[in-house]
Protein chains: 4
Amino acid sequence: MILVLKKGADENKVESLKQQLKDMGLGLHLSDGANASLIGLIGDTTEVDAEWLGALDVVESVKRIKEPYKKANKDMHPNDTVIDVAGRKIGGGHFQVIAGPCSIESREQMTEVAEDVKMAGAGLLRGGAFKPRTSPYSFQGLENEGMQMLLEAKKATGLPIVTEIMSAEHLPLFEDVDVIQVGTRNMQNFQLLKELGKVDKPILLKRGMANTLEELLMSAEYIMAGGNEKVILCERGIRTFETSMRNTLDISAIPMLKSKTHLPVIVDPSHAAGIRFMVEPLTMAAIAAGADGVMIEVHNNPEKALCDGKQSLTPESFAELMKKVRKTTEFFQKEM
Amino acid sequence: MILVLKKGADENKVESLKQQLKDMGLGLHLSDGANASLIGLIGDTTEVDAEWLGALDVVESVKRIKEPYKKANKDMHPNDTVIDVAGRKIGGGHFQVIAGPCSIESREQMTEVAEDVKMAGAGLLRGGAFKPRTSPYSFQGLENEGMQMLLEAKKATGLPIVTEIMSAEHLPLFEDVDVIQVGTRNMQNFQLLKELGKVDKPILLKRGMANTLEELLMSAEYIMAGGNEKVILCERGIRTFETSMRNTLDISAIPMLKSKTHLPVIVDPSHAAGIRFMVEPLTMAAIAAGADGVMIEVHNNPEKALCDGKQSLTPESFAELMKKVRKTTEFFQKEM
Amino acid sequence: MILVLKKGADENKVESLKQQLKDMGLGLHLSDGANASLIGLIGDTTEVDAEWLGALDVVESVKRIKEPYKKANKDMHPNDTVIDVAGRKIGGGHFQVIAGPCSIESREQMTEVAEDVKMAGAGLLRGGAFKPRTSPYSFQGLENEGMQMLLEAKKATGLPIVTEIMSAEHLPLFEDVDVIQVGTRNMQNFQLLKELGKVDKPILLKRGMANTLEELLMSAEYIMAGGNEKVILCERGIRTFETSMRNTLDISAIPMLKSKTHLPVIVDPSHAAGIRFMVEPLTMAAIAAGADGVMIEVHNNPEKALCDGKQSLTPESFAELMKKVRKTTEFFQKEM
Amino acid sequence: MILVLKKGADENKVESLKQQLKDMGLGLHLSDGANASLIGLIGDTTEVDAEWLGALDVVESVKRIKEPYKKANKDMHPNDTVIDVAGRKIGGGHFQVIAGPCSIESREQMTEVAEDVKMAGAGLLRGGAFKPRTSPYSFQGLENEGMQMLLEAKKATGLPIVTEIMSAEHLPLFEDVDVIQVGTRNMQNFQLLKELGKVDKPILLKRGMANTLEELLMSAEYIMAGGNEKVILCERGIRTFETSMRNTLDISAIPMLKSKTHLPVIVDPSHAAGIRFMVEPLTMAAIAAGADGVMIEVHNNPEKALCDGKQSLTPESFAELMKKVRKTTEFFQKEM
């Protein structure tokens, strides 16, 4: 971290700042230029608060050199993390397809779709019991009842399950859930992240729709700092000015995240575009760019789906897609 | 709401859709053009799910005519809502200044700042006990202990208090809080909004940093639909490509929201720009554009502030600002 | 196009509006609902100005049903356009790699890179003689002199050339250029687009960094309306809040554009991310998502490049990339 | 400027880089930390290409300390620039209202509006002869003919005129124009900016709808570097995710620009929101935030306007607005 001092900064204040920094165990490197005087901080600056430094009267600006996360950082942990969910591996060359309906609507729907996606070759089953909806008048999920249906589908098919949590209070309901999903609107619900740091289950952390990759990694760090290092990152489209699609899939997030972290990175092409015909090309692009998995919405009757039907695949088109996914992951040398 | 049907849509499916819509109590208006056939829906469409309609095989697109919120809608409630907090009125021509430190750091700091902002003329006192921070390694707030200090400052000064909630579990701690704040990262924490709908206290709802004004109003609707109609909206800057400031204050949100809703609208100039020297011009702009209040960070020693010191005013500069605020609200005919 | 009339709109004004619309040759379809009265416009509305209608006193809002472009529209021209540049085909299943330095710096550099990219298998050669640079103090390109060097490289290698135009005044210099590029900052330089509509050469039109896909197609329409239908669209990354990369590649633009237009769509992975190590994964993603080509920066000495060296490949790494491009296009059944 | 070197960077390469930097007349300040080695550059770095440095093999990243513009920089020129247009002063405490129709449509319209805005107290007259329109099928302006009408209106009223240029080729037509406007889509049309640097007239430079404030200042620098230091900056709304308004007025741009440059800053509230009822509150906000002027669309018959009628004021409502502008500028101690 480098502090740029203000021109003509009060010398006593600068001295007292230097002492404070030394007291924090940091080494200092000083540099005086014609235009600016700098202080370089040497040592572990992860816990140094850049905002606090930036507020000081004598400091013009603060420049970070090192990323502000440790446990999620590839530097500290050069080998890719492989997360094992009941035998299904994600990361480090292993690719998984997570599939199922956006929301759980009935016992029949859930079981039917579960059987269908299993037959087509999905590795994990998804389904939402708690649904974050923009309008209070939209269907909010079957909640506990939905969770029971999902657990029955898990039992029937043997597929491990992924489902979204909206509040730490609901944690007891997630005991038999294999992967707990944090949705895009909760990526910075730090209270929830802290609780998930105490859980011994993989967490699928979706990027907030207007959050930077650094913020995503900081949210992963919240979970990891609590003791749970099994975090799967998920790119699901960001909010931009473009209006022809629901969100803009940030495909570059895959190689960029992989250069910065050892955690697996998957993609949700269904939510990214929000339109059925784009699911296939975006899935292919995700594999080509190096993703460790995809998460795809499948509904046995998309036209009757109580949520996000517009982007759901039918079981038939999902089975077609899976054939292509198998060939393409093989071509790009990922194991499925 | 208007449904644009696909060219050559299956007639049986269209007939069955029409029947379904009639069964929902809606009137239909049909229109066949050379390029498109339309169905206009007549009646209350607030609870019609536009996404579900858009997913239907026979539907090309869906166009909303009416806003999807009811209780927050100015149409339903043409007079401005005035919210009374222990005698301090917000909205309908009444202007309030909410001031205090970003985070509560000690008994001395809290009491001192409280006395200072009271003397300068602030109407409400703010202070954060629970702090949402991007990094798990940053100061997270004094939590319960901080809340006690805030309550003491309330007692000492008689100022009603505003403080942020991060989880519905903490609600019991908020019993003596006058206004509960929902932060930008929780604007779509629907679980929390639902709980706040059952509370009998004003809620200060901050706009998410990448949420549209319609989404802000839908989040207000969550609280109002639960029975609590005392919602204060707060514009606090949105996320854009501009990098010289922390956020971009959306000043147009004030007149736009006021054309759509009867709820009061306040502005947080401290978080919007994140830089001290911009607090005054943005406060003046907010008053000029018609805001019903501002929320300003004040710290007795901004350089030692454990959070957001960069944007905090000293008690002296806050007192100076208050003089201008009084003159300017008077000029723009707001009552303070 | 649908006009939503204001509640209680003056009847005489509405009648006069209807007459005006009929006089424009449009059929009208009227619909009166409890909440809104609508007028549907039947016929060719491409030239109807939605802004003008939206400004009328009696009109609440205007909803477009049909896209506002004709010649670029897939509806009017269902078969993919294949553009032939000196025997190199782009579009309709044909894939091309355009490669070369960002800016032309010397005769040696240009010839050397040209020979290298030819040997590696590039189909077209790029190089910038006129460079749009943010700072007036940065290298602005060798202009006429650079153009001569590029033409020599064309002669030496036989590769057709692509180069950027910054002003219609320079058109005479482009006589022997095979494809004229319009850069991202000029996508809405309508004066330039009009002039290019009169030229009989393919135009490579880059998307503005904050322009919607509809605006991109409208800019293509400017060129096509002038008589030049040989337009190649290029996605090169858009401006978002993300700061770890120069721009955010909008990979979804490929399938979305292909659903709306018959024009070929290529991708510039070098400018999109602005970082060397991301060129390969983004190129793979572009092929997988259905692009008709890519445009890649290659420099014989990226560290000495006078512009954008950070994202340039060396001839060696470009040759490696080309091997993968050949295999991958074959896998995705594109002809190269 | 600070260079952060890569860990384990080749020492010979680093030495050669240092020599190169010294050869450019820069002083170097070296600093070796546990995590990073830094080189601080001392001297005038305006012409040092940060991109070129960032591309070097041994360089991890480059951090700017000083702004990359000189002539526009407040540091170099602490007093506010006052621009005098035929006796009307802009900047340094002087406030001007520029008013007139978006596009010039007929002799009668132009003259009538000119008389009206003069009577209401506008200081300068605007009107567009060349119009940048998204669609090639929209009205493109009366061009030369329109320019004649504008000049006649200038003659009739004595008001200095402001009008937009779309190509340097048209410069001869602008001989009697008082202020030449560069539109938002041409802010980075560097060819045009260079030509305007040779002109001896004030240039009104509008911010590009997705350009940072630094880029705006760099575009001003293009004009100033050419010798023309009379540049007026104009904030006119930026492109964001918000859809209820055409653009988001960046009100913070005013104090931020004023902290960085001595050039005057005006605001275009008509284009910012694109809706008539928002012109007044945004004008008030602009004055309150410290703007040096506003630019407002007025049309004698907004419903018949061939462009942007939705946001135009009638002469009557403009006259009402002017009364408030006079009182408000007086309140905020600006001279009109």
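Tally time: how many residues in the range C:267-279 are at the interface with chain A (Cβ under 9 Å from one of its Cβ atoms) and open to solvent by 10 Å² or more (accessible area, probe 1.4 Å)?
Summing the residues that are at the interface with chain A (Cβ under 9 Å from one of its Cβ atoms) and open to solvent by 10 Å² or more (accessible area, probe 1.4 Å) in the range C:267-279 gives 2.
Could you tell me whether A:G8 is of a type outside the set (A, V, I, L, M, F, W, C) and over 25 Å from the mean Cα position of the chain (by Cα)?
Here the answer is yes, as A:G8 does meet what is asked.
Provide a single number: the residues in the range A:217-228 that are over 12 Å from A:N73 (Cα atoms) and of a type outside the set (G, A, S).
3
Here's a check for you: in the range C:200-232, which residue that is touching a Lys or Arg at 6+ places or on another chain (Cβ under 7 Å) and outside any loop (DSSP other than H, G, I, E, B) is most open to solvent (accessible area, probe 1.4 Å)?
C:A225
Just to be sure, is C:E169 on the phi > 0 side of the Ramachandran plot, modelled with pLDDT under 95 and surrounded by fewer than 24 Cβ atoms within 10 Å (Cβ to Cβ)? Give the derivation first.
Working: on the phi > 0 side of the Ramachandran plot: no; modelled with pLDDT under 95: yes; surrounded by fewer than 24 Cβ atoms within 10 Å (Cβ to Cβ): yes.
Answer is no for this residue.
I'm trying to understand the selection: among the residues of the range D:5-34, which are touching a residue at least 24 places away in the same chain (Cβ under 8 Å) and either touching a Pro at 6+ places or on another chain (Cβ under 6 Å) or over 26 Å from D:M76 (Cα atoms) (or both)?
D:L5, D:K6, D:K7, D:A9, D:D10, D:K13, D:V14, D:L17
Which one of C:L30, C:L5, C:L41 is surrounded by fewer than 17 Cβ atoms within 10 Å (Cβ to Cβ) and of a type in the set (A, V, I, L, M, F, W, C)? Can you show your working first?
Working: C:L5 fails: surrounded by fewer than 17 Cβ atoms within 10 Å (Cβ to Cβ); C:L41 fails: surrounded by fewer than 17 Cβ atoms within 10 Å (Cβ to Cβ).
Residue meeting the stated conditions: C:L30.
Given the criteria more than 7 Å from chain A (Cβ to nearest Cβ) and at pLDDT 95 or above, does C:P255 qualify?
Taking the combined requirement at face value, the residue does not satisfy it.
So, in the range A:280-336, of the ones that are more than 14 Å from chain B (Cβ to nearest Cβ), among the acidic types (D, E) and in contact (Cβ under 8 Å) with a residue 24 or more places away in the chain, which residue ends up surrounded by the most Cβ atoms within 10 Å (Cβ to Cβ)?
This residue is A:D292.
Out of everything in the range B:274-284 that is of a type in the set (A, V, I, L, M) and in contact with a strand residue (DSSP E or B) (Cβ under 9 Å, 6 or more places away or on another chain), what residue ends up being farthest from A:S61 (Cα to Cα)?
Here the residue is B:L282.
Return the residue satisfying two criteria in turn: it lies in the range A:99-158 and is β-branched (V, I, T) and under 14 Å from A:H299 (Cα atoms), and of such residues it is most open to solvent (accessible area, probe 1.4 Å). Before the answer, list the steps.
Keep residues of the range A:99-158 that are β-branched (V, I, T), which gives A:104, A:111, A:113, A:117, A:134, A:157.
Next, from what is left, pick out any that are under 14 Å from A:H299 (Cα atoms): A:104, A:111, A:113, A:117.
On the way: A:I104: 0, A:T111: 44, A:V113: 0, A:V117: 0 Å².
Selected residue: A:T111.
Say whether the condition of being part of a helix (DSSP H, G or I), of a type in the set (D, E, K, R) and under 18 Å from A:V97 (Cβ atoms) is met by at least one residue in the range A:254-273.
no
Out of all the residues in the range B:259-266, is one or more farther than 18 Å from B:K206 by Cα, surrounded by fewer than 24 Cβ atoms within 10 Å (Cβ to Cβ) and at pLDDT 95 or above?
yes
Taking C:T240 as meeting all but one of (1) among the hydroxyl-bearing types (S, T, Y); (2) open to solvent by 10 Å² or more (accessible area, probe 1.4 Å); (3) touching a strand residue (DSSP E or B) at 6+ places or on another chain (Cβ under 9 Å); (4) under 14 Å from C:A72 (Cβ atoms), write down the number of the exception.
Only one criterion in (1) among the hydroxyl-bearing types (S, T, Y); (2) open to solvent by 10 Å² or more (accessible area, probe 1.4 Å); (3) touching a strand residue (DSSP E or B) at 6+ places or on another chain (Cβ under 9 Å); (4) under 14 Å from C:A72 (Cβ atoms) is unmet by C:T240, namely (4).
For the range D:46-162, list the strands (runs of 3 or more DSSP E) that sit wholly inside it and hold at least 2 residues that are over 30 Å from C:N211 (Cβ atoms) and over 19 Å from the mean Cα position of the chain (by Cα); which are they?
Because the criterion is at least 2 residues that are over 30 Å from C:N211 (Cβ atoms) and over 19 Å from the mean Cα position of the chain (by Cα), the strands (runs of 3 or more DSSP E) in the range D:46-162 that meet it are D:59-63.
Residue-by-condition table, conditions (1) within 19 Å of B:G128 (Cβ to Cβ); (2) in the same structural domain as B:M119 (by the TED database); (3) touching a helix residue (DSSP H, G or I) at 6+ places or on another chain (Cβ under 7 Å):
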| site | (1), (2), (3) |
| --- | --- |
| B:M278 | no, yes, yes |
| B:H299 | yes, yes, yes |
| B:K304 | yes, yes, no |
| B:D308 | yes, yes, yes |
| B:P315 | yes, yes, yes |
| B:E320 | no, yes, no |
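If the requirement is being part of a helix (DSSP H, G or I) and at negative phi, which of these qualifies: D:M295, D:M245, D:M284?
None of the others qualify; the one that does is D:M284.
Yes/no per residue for (1) touching a helix residue (DSSP H, G or I) at 6+ places or on another chain (Cβ under 9 Å); (2) farther than 22 Å from C:D308 by Cα:
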position: C:G121; (1), (2): yes, yes
position: C:L125; (1), (2): yes, no
position: C:G128; (1), (2): yes, no
position: C:P132; (1), (2): yes, no
position: C:M147; (1), (2): yes, no
position: C:G158; (1), (2): yes, yes
position: C:T163; (1), (2): yes, no
position: C:L173; (1), (2): yes, yes
position: C:V179; (1), (2): no, no
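Would you say C:L21 is out of contact with any helix residue (DSSP H, G or I) (no Cβ under 6 Å at 6 or more places or on another chain), surrounded by 19 or more Cβ atoms within 10 Å (Cβ to Cβ) and at the interface with chain B (Cβ under 7 Å from one of its Cβ atoms)?
It is false that C:L21 is out of contact with any helix residue (DSSP H, G or I) (no Cβ under 6 Å at 6 or more places or on another chain), surrounded by 19 or more Cβ atoms within 10 Å (Cβ to Cβ) and at the interface with chain B (Cβ under 7 Å from one of its Cβ atoms).
List pairs: first in the range B:78-106 and closer than 19 Å to B:A272 by Cβ and among the aromatic types (F, W, Y), second open to solvent by less than 40 Å² (accessible area, probe 1.4 Å) and not in a loop (DSSP other than H, G, I, E, B), Cβ under 7 Å, 6+ apart or cross-chain?
B:F95/B:G293; B:F95/B:T329
Quick test of your reading of the structure: C:N12 fulfils all but one of (1) touching a Gly at 6+ places or on another chain (Cβ under 9 Å); (2) modelled with pLDDT of 80 or more; (3) of a type in the set (S, T, N, Q). Name the failing condition by number.
(1)
If you take the residues in the range D:175-199 that are within 14 Å of D:E164 (Cα to Cα) and more than 14 Å from chain C (Cβ to nearest Cβ), which one is surrounded by the fewest Cβ atoms within 10 Å (Cβ to Cβ)?
Filtering first and then ranking leaves D:E175.
Select from the range A:61-98 the residues that are of a type in the set (D, E) and open to solvent by 60 Å² or more (accessible area, probe 1.4 Å) and list them in ascending order.
A:D75, A:D80, A:D84
Is it the case that B:L56 is at the interface with another protein chain (Cβ under 9 Å from one of its Cβ atoms) and over 24 Å from A:L306 (Cβ atoms)?
In short, no.
Which of the residues that make up the range C:209-252 are β-branched (V, I, T), over 24 Å from D:R246 (Cβ atoms) and either within 10 Å of chain D (Cβ to nearest Cβ) or in contact with a helix residue (DSSP H, G or I) (Cβ under 7 Å, 6 or more places away or on another chain) (or both)?
C:I223, C:V231, C:I251
If I ask for residues that are over 12 Å from B:R207 (Cβ atoms) and in contact (Cβ under 8 Å) with a residue 24 or more places away in the chain, which ones from the range B:236-247 would you list?
B:M245, B:R246
Would you mind stating whether B:H262 is farther than 24 Å from B:A210 by Cβ and away from every other protein chain (no Cβ under 11 Å)?
Criteria met by B:H262.
The values are calculated or read from the model by the stated rules, or taken from the named source; none is laboratory data. Owing to the predicted nature of the structure, the values given are computational and were not obtained by experimental measurement. No Cβ is skipped: glycine too gets one built from the backbone with ideal geometry, and neighbour counts run over all protein chains shown. The protein model used for the area step is the full one, side chains on, heavy atoms only, and it has no ligands, DNA or RNA in it. Shrake-Rupley method; radii C 1.70, N 1.55, O 1.52, S 1.80 Å.
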